[in-house]
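See below for the structure under consideration.
The values are calculated or read from the model by the stated rules, or taken from the named source; none is laboratory data. Owing to the predicted nature of the structure, the values given are computational and were not obtained by experimental measurement. Cβ placement follows ideal geometry from the backbone for every residue including glycine, while neighbour counts extend to all protein chains displayed.
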Amino acid sequence: MLKFNTCTDIVDLPIDQKLILMKRSTYIIISIIVLAACGPQERVSKDVFDQVNNAMEAKKLSEAQITQEAMIWGDSISNEAQQQLMSSLHQAVEEKGYAGALEFCNVNAAPIVNDLSNKHGVEIRRTSFRARNQNNLPTEAESALLEAYQYNVENGIQSEPNIQKIEGGDVLLYTKAIVIPSEFCLACHGDSENEIEAGLLNKIDSLYPTDLARGFSVGNLRGMWSLKIPKKAVVNRL
Ligand code: HEC
């Protein structure tokens, strides 16, 4: 049985457990891992705990049903966010070229995602070890999952989205790998010598002096979607 009690344990997920991310049918096993309790501020609120438990009992819901619903909701929200970002990005590239689109992403990527966060009441973000925007670097819990997705990509294993319990079980962390799908991304995230055009590279350097999001190829792990879904909101949907 997998069980980790401290945050440090989770960061060093052994390889066997990383492989667990490959199948959706097994995500429940990994969700036993206790990712929460990293600080006193994250202690479970008894009120929320009681409310969720009462609602679960009234509706006769099992933990498995809740995890499954969180997975369905997470898939739907992350697809919506992905589509909105991609259609805005494609439109910006068509209208303003890559350099103009870079500025568009710089100004609009975060607001687009934040609007969706507010709409659904779910904290949505993209995170990466090699982030362009430093705000997108992973938390400790996210790092363990990114490592697992990275392992799968490097070993040719298809990753499925994953659900983890965090913050004492009050929140479900939905994650989904973002793999570079096409050469379109490489104009801004490819090799700085021959794939990113010189003028564009200057712009990236001036807007993002600590940029790490270059040197990718098609099929590489670019990062992941990370959604903090309140358990209470999932129970309300059922
Ligand atoms: C026009 C240039 C451009 C193109 C094309 C582009 N990106 Fe980006 N990307 C950016 C910029 C700029 C940011 C930083 C946005 C911000 O400041 O929030 C970014 C950020 C990201 C992030 C968030 C993590 C980070 O590095 O901060 C991911 C994930 C990402 N891009 C994936 C992709 C994928 C996948 C594609 C292809 C489908 C793609 N990008 C195409 C410019 C681009």
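A quick yes/no check of all residues on (1) of a type in the set (A, V, I, L, M, F, W, C); (2) modelled with pLDDT of 95 or more; (3) surrounded by fewer than 19 Cβ atoms within 10 Å (Cβ to Cβ):
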position	(1), (2), (3)
Arg126	no, yes, no
Phe129	yes, yes, yes
Gln134	no, yes, yes
Thr139	no, yes, yes
Ser143	no, yes, yes
Ala148	yes, yes, no
Asn155	no, yes, yes
Gly169	no, no, yes
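Considering (1) within 15 Å of the ligand (Cβ to nearest atom); (2) on the phi > 0 side of the Ramachandran plot; (3) free of Cβ contacts under 8 Å to residues at least 40 places away in the same chain, say which one Gly219 fails and leave the rest.
In the conditions (1) within 15 Å of the ligand (Cβ to nearest atom); (2) on the phi > 0 side of the Ramachandran plot; (3) free of Cβ contacts under 8 Å to residues at least 40 places away in the same chain, Gly219 misses (3) alone.
Could you grab me the full set of residues in segment 186-235 that are outside any strand (DSSP E or B), in contact with a strand residue (DSSP E or B) (Cβ under 9 Å, 6 or more places away or on another chain) and over 13 Å from Arg130 (Cβ atoms)? Talk me through it step by step, then tell me what you get.
Of the residues in segment 186-235, the ones outside any strand (DSSP E or B) are 186-220, 231-235.
Filter once more, keeping what is in contact with a strand residue (DSSP E or B) (Cβ under 9 Å, 6 or more places away or on another chain): 189, 213, 216, 218-220, 231, 234.
Of everything in segment 186-235, those that are outside any strand (DSSP E or B), in contact with a strand residue (DSSP E or B) (Cβ under 9 Å, 6 or more places away or on another chain) and over 13 Å from Arg130 (Cβ atoms) turn out to be Val218, Gly219, Lys231, Val234.
So how many residues does segment 174-200 have that are more than 9 Å from the ligand (Cβ to nearest atom), of a type in the set (A, V, I, L, M) and more than 17 Å from Ala99 (Cβ to Cβ)?
1
With the requirement that a residue be among the polar types (S, T, N, Q) and within 8 Å of the ligand (Cβ to nearest atom), what does segment 72-110 give you?
Going residue by residue through segment 72-110, those that are among the polar types (S, T, N, Q) are 76, 78-79, 82-84, 87-88, 91, 106, 108.
Once the filter is applied, which keeps residues that are among the polar types (S, T, N, Q) and within 8 Å of the ligand (Cβ to nearest atom), segment 72-110 yields only Asn106.
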